[in-house]
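Structure, as structure tokens:
A short reminder: the numbers here are calculations on the coordinates, not readings from a lab. Since the structure is predicted, the reported quantities are computational estimates derived from the model, not experimental observations. Here the Cβ positions follow ideal geometry from the backbone for every residue, glycine too, while neighbour counts run over all protein chains shown.
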Amino acid sequence: MNFIVKQLKESMNSKQKEECTRLLKPLCKGRADLWIRVTFVPPQVSTQICEMCEKQFPVTDLITLDCEHRFCKPDLQRRLTSKMESAYVSLKDLVCNRCFQPIPYEIIRDLVPKQLFQKYDDLLLKEVLNNQPPPPPMIKPKFKCEMCPFTFEDFEVRTLTNCDHRYCLGCLRKQFFETIDEEKELTLDSFFCKAKECGLPIDIALINDVLPPKDRDKFNELLNKRHFAKKEQLQLPAILVEDQIKEFEEYIKKLKNKLEDFKIEGDLKERVQVTITFFDDKVIKKLKKKLKFYDKVNEKTIKNEAPPEWGVFPESVRIVVLAAEDPKYQFVMTEFRKTCQNQIFSISEIQNKSLYKKYKLITSELIAAKKVINPQIDTTNFEKYLWHGTRQNNPELIYKDEAYGYDMRHAAVGSWGRGNYFGQTAQVSMGYLGYRNAQGNSILLFNKVFIGETVAGQGGLLKPPPIPGTNRFYDSTSNATMVVIYDVWRAYPHYIVEFR
């Protein structure tokens with residue numbers, strides 16, 4: 001019986017249907033209940049990875065070398081043919097690209113064309129006779145100068161380290177002489193690559209190497225002056241209101257006019273680190289003192305800005321899940337239901353002390369400034385609750401951030417320029433959803449947004465357009481479905497709506 005079962009299995013695997021039927025008949029004779037339906041499954045073919053292209057192939061389609069490395073036929077054939085077509089091919093080139101063991105004679109014979117195989121036979125013969133041909137003569141490369149139309153040998157050109165462009169010594173010296181003679185206020189930025197669309201600075205060591213000794217004096221004066229320049233990164237306070245930024249910018253302008261070679265790199269409105277280049281230590285001390293003063297004033301202003309209903313809690317950020325009967329829950333749900341009927345799983349309040357205080361400080365300062373300019377201005381609708389979808393990003397990156405929240409450095413570039421986009425309704429913001437939490441639910445943020453004085457949106461903006469007839473700018477751009485803000489702390493993420 002075991003012998004018959006074994007034969008039956010072999011017949012099934014080899015698709016021998018007639019043999020299988022012949023074996024089944026005596027087993028099922030007189031037993032109708034033993035008739036079964038047999039499905040013939042072909043044997044599974046194992047696969048391996050080609051070690052050249054790293055793709056999966058059946059073992060039968062791979063070529064295994066003596067060193068046990070496996071390659072697919074097309075890749076190995078292409079590599080061998082490419083090597084054999086070279087004018088300077090040797091037997092050392094016809095090896096496994098993993099362990100460098102020689103590829104067997106039979107494999108090369110089966111893969112390369114007959115004409116190239118004859119070349120391989122000749123190589124074998126030459127090796128046997130120990131009569132290798134001499135190496136080909138070395139051809140000295142020629143390099144084209146980026147400035148003049150001529151080519152030069154290696155020792156006649158210099159390669160710029162910053163951009164890899166090549167110049168002949170004559171053109172470089174001519175450029176340096178003209179720059180030193182014409183520039184009244186010489187700086188290191190005066191020496192730059194003049195190749196098309198480059199403009200990168202030329203390395204100091206190369207300038208010293210190319211200039212003759214008699215023409216280095218003026219350049220060395222610049223180097224000595226540069227040597228004493230100092231650079232320091234200055235961290236701006238977390239909060240700077242508009243008036244403080246303007247005052248600080250005016251102070252920097254005065255320093256630039258008064259002090260030679262004073263520079264500041266970075267945007268103050270980004271409220272991050274800026275780099276100061278200076279010679280006198282008194283300068284950096286004055287700047288730090290001024291920024292420290294702003295920091296103390298603002299910290300004192302926002303000390304008691306958190307809503308009293310939040311109570312006291314030790315952590316800086318707390319997420320409170322609201323009960324269905326809570327008025328806040330009912331408010332958010334009502335706004336959501338105006339345009340969406342999706343199933344709501346939870347509504348939570350975000351209690352981020354730092355972000356809320358910064359938002360209140362900035363918005364109160366803006367409203368106060370507008371009332372000074374126009375005491376009759378109606379600020380009733382300057383703040384509004386709007387929706388925001390975070391695409392593929394985890395919304396925690398916004399509402400758990402204590403420094404910036406809606407950080408302008410990560411703002412989207414949309415149809416109205418670079419800014420943070422908010423939907424007037426939940427349905428609008430649902431078009432910008434991609435993130436799902438661990439439960440597979442979607443998240444929308446319901447935000448308190450300072451709209452202020454707004455105007456219709458337009459493409460390519462980095463900030464809102466100016467208000468006609470004034471030197472002030474609008475606070476946001478908007479239409480019936482969307483609002484865009486272009487500055488940090490103009491929005492506070494207040495509620496989380498989890499739904500499906």
Just list whichever of Lys83/Lys126; Lys55/Lys92; Lys142/Lys196; Lys246/Lys448; Lys246/Lys290 have alpha carbons separated by over 23 Å in the model shown. Lys55/Lys92; Lys246/Lys448
Can you list residues from other chains, or at least 5 along the same chain, whose modelled amide H is less than 5 Å from the amide H of Val157? none
Averaging sequence separations of C-alpha pairs under 8 Å and six or more residues apart, then dividing by the length of the range 143-210, give the relative contact order as a whole percent. 29
Work through the residues other than Arg70 whose Cβ is under 13 Å from its Cβ and net out their charges, Lys, Arg +1 and Asp, Glu -1. -3
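Counting other beta carbons within 10 Å of each residue's own, what order do Val95, Val112 fall into, fewest first? Please list the in-between numbers first.
On the way: Val95 15, Val112 20.
Fewest-to-most Cβ neighbours within 10 Å comes out as Val95, Val112.
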In sequence order, calculated HN-Hα J values of the range 486-494 (Karplus, 6.51, -1.76, 1.60; Hz; x Gly/Pro): 10, 9, 6, 6, 8, 9, 10, x, 9
Which far-off residues, 5 or more places away or on another chain, put their amide H under 5 Å from the one on Asn352, with H placed in the peptide plane? Arg318
Which ³J(HN,Hα) values, rounded to whole Hz and listed in residue order, are derived for the range 451-457 from phi using the Karplus coefficients 6.51, -1.76 and 1.60 in 6.51 cos²θ - 1.76 cosθ + 1.60 with θ = phi - 60°, glycine and proline given as x? 7, x, 7, 10, 8, 4, x
Cβ-Cβ cut-off under 14 Å around Ile103, Lys and Arg +1, Asp and Glu -1: the net charge is +1
Starting from the amide H of Phe473, placed 1.01 Å from N in the peptide plane, find each other amide H under 5 Å away whose residue is 5 or more places distant or on another chain. Ile467
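Taking the mean number of other Cβ atoms within 10 Å as a proxy for protection, how do you rank 422-433, 63-74, 369-380 from highest to lowest?
The densest-packed peptide leads the list: 422-433, 63-74, 369-380.
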Charges on Cβ only, +1 for Lys and Arg, -1 for Asp and Glu, centred on the Cα centroid of the range 143-210; of Ser190, Ile180, Thr151, which one is farthest towards the dipole's positive end? Thr151
Please give the length that would be gained between Cys148 and Thr339 if that part of the chain were fully extended, namely 0.36 nm times their separation in residues minus their C-alpha to C-alpha distance (nm, one decimal). 62.0 nm
Could you go through the range 102-118 in sequence order and give the Karplus-derived ³J(HN,Hα) for each residue, using 6.51 cos²θ - 1.76 cosθ + 1.60 with θ = phi - 60°, rounded to whole Hz, and x for Gly and Pro? x, 7, x, 4, 5, 5, 4, 4, 7, 9, 8, x, 4, 4, 6, 5, 5
Here, Gln330 and Thr275, labelled 7 Å along Cα→Cβ, have an inter-label distance in nm of 5.8
Most positive-pole-ward Cα, Tyr432, Ala456, Ala323, against dipole of the range 308-499 from beta carbon charges: Ala456
